[in-house]
Amino acid sequence: MWRRDSVQRLLDHAQPRRAGEALRVLDCCAGTGDLALALVHEAQRQKLSPPPQVVAGDFTARMMTLAKPKFEAAGSGAETSSEVSAAHPAEPA
């Protein structure tokens, strides 16, 4: 419930830098990406145009590894990069 409320508040109050541009959102310490994905799904449900650009990152490579399949399954508007996971190559998987 808190996740849905947070996403709705963000969409209600956040503004893109310029009219007509996509809202840009950075989810720092995103864990496995659930909040970022909730934002993507709510934007799709509301048919926001242009859809927000959402980036999720976490300092723990394992979290990004767990997030990757979720982002891939989400389809449009959700991406992940192996470069994010490579930020701490010495971290054990």
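None of the figures in this text is laboratory data; all of them are computed from the coordinates on show. Everything numeric in this text was worked out from a predicted model, so none of it was measured. Cβ sites come from the backbone with ideal geometry, for glycine too, and all protein chains shown count toward neighbours.
Using a cutoff of 8 angstrom between alpha carbon atoms and counting only pairs six or more residues apart, the relative contact order for region 1-71 works out to 36 percent. Scoring 17-26, 65-74, 33-42, 51-60 by mean Cβ neighbours within 10 Å over their residues and listing the highest first yields 33-42, 51-60, 65-74, 17-26.
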